[in-house]
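Values in this text are rule-based calculations from the coordinates and carry no lab data. Since the structure is predicted, the reported quantities are computational estimates derived from the model, not experimental observations. For neighbour counting, all protein chains shown are included, and Cβ atoms are generated from backbone atoms with ideal geometry for every residue, glycine included.
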Amino acid sequence: MHTDHLDLWQVHDMRTEDEIRKVFGPGGAIEAFVQAREKGLTRFIGVTGHHDPLILRKCIELVDFDTVLMPVNPAEMHYKSFIEKVLPVAEKKKMGIIGMKVYFRGFAAKIPWYETMEPFLHFALSQPGHHYCYRL
């Protein structure tokens, strides 16, 4: 890749307690992530999840991650709300928050009475947080 470091290295798509035991346990991948950050091989480490907010919250409570990637959209609040269960913990830890599924994985474009995606982006940008980057 012709680089001496990564800007952000993320533990991707944490879904289960078993994955948490493997990734965060002795000899798990998180040890390599933390060592890479300490050695300057990566500037930041993060974690991502979009299936279970309680699993993602547990991950950010276990390790001092720099970022979290999670769903941020109006419908998400009514189904396993990452906004209610993860965002406050991330905000308290001053983590960078990367929003995904802002447009419901593209389904928003199929709503016949919506002419623009702007309200969904406005909603995402109105959520609390310190740093946002949205994957659209």
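Quick notes
- Net lengthening on full extension, residue 126/residue 62 (0.36 nm per residue, minus Cα-Cα): 20.3 nm
- Relative contact order for the range 1-99, counting Cα pairs under 8 Å that sit 6 or more residues apart, in percent: 26
- Judged by the ratio a/c of the largest to the smallest principal axis of the C-alpha gyration tensor, the range 13-77 counts as oblate, that ratio being 1.5 or greater while a/b is no larger than b/c.
- Net lengthening on full extension, residue 35/residue 93 (0.36 nm per residue, minus Cα-Cα): 18.9 nm
- Rounded to the nearest 20 debye, dipole of the range 24-65 from Cβ charges on Lys, Arg, Asp, Glu: 120
- Cβ-Cβ FRET estimate between residue 79 and residue 8, R0 fixed at 22 Å, reported to 0.05: 0.20
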